[in-house]
Amino acid sequence: MKLIATYLIGVVFGVGISISGMANPAKVLNFFDIAGEWDPSLILVMGGALITTLVGYKLVFGRNAPIYEPHFYLPGSRSIDAKLVGGSAVFGIGWGISGFCPGGALPALGTGRWEVFVFTIALVAGIFLARLLPNFSVRKEAKAARI
């Protein structure tokens, strides 16, 4: 049942990304083009996602435990450090250059466009590279917070 729930959540996410047009890098890049053909629709998509997340968190954390796990897994640290800022900067720069973020690229793999595959290969390579570098590895520092 856990696998089916995960699959259905992924399908809903992918359909939402596709319907909103966020799988199209040109639409995303037009959001960043303030002086040119600015497209504010990304703000609406993010606003809708934020509202959905706030309601979802209120409902989910209102329970004592998740449905398919014994406890919630949350980051152990709430500090804003160089790794967080640096990682956010790399993410934002990559998103601004390519027009893809991981959430939008995975559903876009179904389009068969070569750019999406190049981005996804670079994404996976970056993940493996970050795990190889001892100063960037977050795995050993991450702790599960039990609620």
Restricting to the range 80-102, name every residue that is of a type in the set (Val, Ile, Thr) and within 12 Å of Pro25 (Cβ to Cβ).
Ile97
Of the listed residues (Ala23, Ala49, Ala65, Ala89), the one being in a helix (DSSP H, G or I) and surrounded by 11 or more Cβ atoms within 10 Å (Cβ to Cβ) is Ala49
Residues of the range 88-116 that turn out to be over 17 Å from the mean Cα position of the chain (by Cα) and within 22 Å of Val12 (Cα to Cα), as a count:
4
Kindly provide the set of residues from the range 76-86 that are surrounded by 12 or more Cβ atoms within 10 Å (Cβ to Cβ) and either at pLDDT 85 or above or under 16 Å from the mean Cα position of the chain (by Cα) (or both), ordered by number.
Leu84
If you check every pair at least six apart or on different chains, which have Cβ atoms under 7 Å apart with a residue in the range 93-118 that is at positive phi first and a residue that is outside any loop (DSSP other than H, G, I, E, B) and not basic (Lys, Arg) second?
Gly99/Pro25; Gly99/Ala26; Gly99/Val28; Gly99/Leu29
Looking only at the range 51-75, count every residue that is small (Gly, Ala, Ser) and more than 19 Å from the chain's Cα centre (by Cα) and tell me the total.
2
Taking Leu44 as the residue in question, decide whether it is more than 25 Å from Ala130 (Cβ to Cβ), over 16 Å from the mean Cα position of the chain (by Cα) and part of a helix (DSSP H, G or I).
yes
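The values are calculated or read from the model by the stated rules, or taken from the named source; none is laboratory data. Just so we're clear, the structure is a prediction, and the values are computed from it rather than from any experiment. So basically every Cβ, Gly included, is an ideal-geometry build from the backbone, and we count neighbours across all protein chains shown.
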